[in-house]
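These notes are about the structure you will find just below.
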Amino acid sequence: MNFLSLIESKREGKILAPEQIQEFIREFTAGNIPDYQMAAMLMAIYFRGLNTAETTALTLAMRDSGDVLKFPRDPRPLVDKHSTGGIGDKVSLPLAPLLACLGFRVPMISGRGLGITGGTLDKLDSIPGFQTLLPAAQITKLVQRVGCVICGQTDTMVPADKKIYALRDASGTVPSIPLIVASILSKKLAENLEALMLDVKFGSAAFMQTKADARKLAKAMVALGNQCGTNTRAMLTDMNTPLGRAAGNWLEVKESVECLEAGRADLPVSQRASSDLRELVIDSTAHLLVQTHKTKSLAAARKQAEECLNSGQPRKKWDEMLVAQGADLKAFNKKLAQDSTAKVVAELKSEKAGFISKCDARIIGEVIRDLGGGRLTKDSKINYDVGVDQIAKPGERLEKSAALCRVHAADSVQAKTAIARLKTAFEISSKRPDKVPLVLEIISR
Ligand code: URA
């Protein structure tokens, strides 16, 4: 094929035919197109964009670049949720076992942290023995048996995205809506889902900083997901503030377990999951119940999800999923009982009394990354134990010297630096701030 002429066409703003897109994805995956030419094409797409037909062709060609998961016929619908990423976003962890308890099959193929945003696989790697890399046959087997699996993409699933993503990362072409749509949906469509819920975040710590950009991305993904036969909805959610009260890999696993233990009346309030986390878990579940026609109305579906979460069954399903994926449950429970697994814990105290009016997710995310909880380069080794917890959230009133948050660090020097930077993440005012909605809107077909 003459790939150079296709690059030139896109550079001039011309429309590529589906067959041309299919061919260059096939050739690039096979190693027949050099990275420098593909990077030039990605930059042309970044500036010129792709229309709907081109984006569809690119998404499907990427999906078909490798294996697609195949499941036996079963009355339990195949569903999943995908978040564009944020700070403290641990929704997938309690959500998968909750959905399995409500009669769904959940082949949740997840990713690692990107930039300052956390990754589900990195969080799960903090669980002793837990395996996130499973062959396709094992994924199918466990989904059929347990009802849910959370794992990484296999080597043979959507290889085109793996190669293209690495090039986008190195060529400044990540923030392109058609490229993001194709990257996310090619992977989700390879799971062979009946329904998909997308959590598209906007705000200081999100990929999309503005509501308008997040809405544009959500609309493009919803239209394409539905066109490809997967009932797809998206929620636009606020990521100016971290989700929940904990951020950092192991601390988020702990908060996820607290969310699954929501029905335990014996737990002190400080150990119950944050209400915004619970809200997103319940809302995602409720939409999937309606999308798959299991439940008629959103109100009834929310009630059903609440009752199931409070029953304690999803907490048991979580343990079943952990054991099925190789975790050492005894070591996990021992770790869970510790207040902190990091070497040093330090508290940031409020310098005055008042209402929290700001808690900046971006600053908190950057601090956690620099504590070692995220990656500065692709090969960085993560410290799973560091992070920030007991985060005071906007609208809450605090007395002078009360804790704004706690830092879990590898040593006292790093803890001190983190505390100084975290001071700038919080603002306190004498007036209670207006409540900011967590879910701004729902986009469906
Ligand atoms: N997540 C993905 O998988 N791909 C993107 O392009 C952006 C976020």
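The values are calculated or read from the model by the stated rules, or taken from the named source; none is laboratory data. Quick caveat, the model's predicted, so the values are computed rather than measured. Positions of Cβ are generated from backbone atoms using ideal geometry, with glycine treated the same way; all protein chains shown enter the neighbour counts. Surface areas here come from the heavy atoms of the whole protein model, side chains and all, with no ligands, DNA or RNA. Shrake-Rupley method; radii C 1.70, N 1.55, O 1.52, S 1.80 Å.
Does the range 165-241 come out rounded, prolate or oblate, given a ≥ b ≥ c as the square roots of the eigenvalues of its C-alpha gyration tensor, rounded meaning a/c under 1.5 and, failing that, prolate meaning a/b above b/c? Judged from the Cα gyration tensor, the range 165-241 comes out oblate (a/c at least 1.5, b/c at or above a/b).
With respect to the cross-link table entries Lys123/Lys378; Lys90/Lys423; Lys90/Lys296; Lys81/Lys393; Lys358/Lys416; Lys352/Lys431, which display a Cα-Cα separation exceeding 19 Å? Beyond 19 Å between Cα atoms: Lys90/Lys423; Lys90/Lys296; Lys81/Lys393; Lys358/Lys416. Among residues other than Met1 whose Cβ falls under 11 Å from its Cβ, what is the net charge (Lys/Arg +1, Asp/Glu -1)? Taking every Cβ under 11 Å from that of Met1, the sum is -2.
Cross-link partners for Lys10 among the lysines, with Cα-Cα distance under 27 Å and sequence neighbours closer than 8 places in the same chain left out: Lys162, Lys163, Lys187, Lys188, Lys216, Lys219.
For the range 3-63, the Cβ-based charge dipole about the Cα centre amounts to some 140 debye (Lys, Arg positive; Asp, Glu negative; other atoms uncharged). Centroid-to-centroid, using Cα positions, the range 331-409 and the range 202-257 are 21 Å apart. Which net charge results when you count Lys and Arg as +1 and Asp and Glu as -1 among the other residues whose beta-carbon is under 14 Å from that of Asp328? Summing Lys/Arg as +1 and Asp/Glu as -1 gives +1.
The label-point distance for Lys393 and Gln138, in a model that sets each label 7 Å from Cα toward Cβ, rounds to 3.6 nm. Relative to the longest principal axis of the Cα atoms of the chain, helix 18-29 runs at roughly 70 degrees.
The residues Ser311, Ser92, sorted by heavy-atom accessible surface at 1.4 Å with ligands and nucleic acids left out, run Ser311, Ser92 from largest to smallest. The length gained on full extension between Asp339 and Thr210, counted as 0.36 nm times the residue separation minus their Cα-Cα distance, comes to 42.8 nm.
Taking amide H as placed 1.01 Å from N in the peptide plane, the amide H of Gly66 sits under 5 Å from that of Val158, each at least 5 places away or on another chain.
Determine the gain in length on full extension of the stretch Ser444-Asp379; use 0.36 nm per residue of separation and subtract their C-alpha separation, reporting nm with one decimal.
Values: separation 65, 0.36 × 65 = 23.40 nm, distance 3.84 nm.
Once the chain is fully extended between Ser444 and Asp379, it gains 19.6 nm.
Each of Arg76, Arg145 has its accessible area taken with a 1.4 Å probe; listed largest first, they run Arg145, Arg76. Backbone phi angles across the range 417-422, fed through the Karplus curve with coefficients 6.51, -1.76 and 1.60 (θ = phi - 60°), yield HN-Hα couplings of 4, 5, 4, 4, 6, 5 Hz in residue order; Gly and Pro are listed as x.
Sorting the Cα pairs of the range 344-429 by distance into bins of 10 Å, from 0 upward, gives 19, 50, 25, 6, 0 percent per bin. If I take all pairs of Cα atoms in the chain, what percentage of them are more than 28 Å from each other? Every Cα pair in the chain considered, those over 28 Å come to 50 percent. A probe of 1.4 angstrom, applied to the heavy atoms of all protein chains, finds Arg397 with accessible area near 120 square angstrom.
Scanning residues 5 or more positions from His82 or on other chains, those with amide H under 5 Å from its amide H are Met197, Leu198, Asp199, with H placed 1.01 Å from N in the peptide plane.
The phi torsions of the range 218-229, fed into the Karplus equation with coefficients 6.51, -1.76 and 1.60 and a -60° offset, translate into couplings of 4, 4, 5, 6, 5, 4, 6, x, 5, 4, 8, x Hz, rounded to whole numbers, with Gly and Pro shown as x.
Split the accessible area of the chain by element, probe 1.4 Å, and carbon with sulfur accounts for 52%. Given a 1.4 Å probe and the protein chains as shown, Tyr384 ends up with an accessible area of around 70 Å². For the range 51-99, the calculated P(r) over all alpha carbon pairs, in 10 Å bins from 0 to the bin holding the longest distance, is 17, 29, 39, 14 percent.
How high is the relative contact order of the chain, given as a whole-number percent (alpha carbon pairs under 8 Å, six or more residues apart)? The partial results should precede the final answer.
Working: 906 pairs, mean separation 81.4, N = 445.
It comes to 18 percent, rounded to a whole number.
About its Cα centre, the chain has a charge dipole of approximately 700 debye under the convention of +1 per Lys or Arg Cβ and -1 per Asp or Glu Cβ, with nothing else charged. Based on Cα contacts under 8 Å between residues 6+ apart, the range 384-445 shows a relative contact order of 33 percent.
Ordering Glu255, Glu27, Glu399 from largest to smallest accessible area (1.4 angstrom probe), what's the sequence? Let's see the in-between values first.
On the way: Glu255 10, Glu27 55, Glu399 110 Å².
Largest accessible area first, the residues go Glu399, Glu27, Glu255.
Simple rule: put +1 on each Lys or Arg Cβ and -1 on each Asp or Glu Cβ in the chain, find the dipole, and look at Leu58, Ile15, Asn333; the Cα lying farthest toward the positive end is Asn333. How tilted is helix 275-291 with respect to the longest principal axis of the chain? Cα atoms for both, answer in degrees (0 to 90, nearest 10). It works out to around 40 degrees. Against the chain, whose longest principal axis comes from its Cα atoms, helix 177-189 is set at around 80 degrees. Here the Karplus relation 6.51 cos²θ - 1.76 cosθ + 1.60, evaluated at θ = phi - 60°, turns the backbone of the range 58-66 into coupling constants of 5, 4, 5, 5, 5, 4, 7, 6, x Hz, with x for every Gly and Pro. Remark: the Cα gyration tensor places the range 79-333 in the rounded category, a/c being less than 1.5. Extension gain, Asp319 to Lys296, is 5.2 nm, computed as 0.36 nm per intervening residue step minus the present C-alpha separation.
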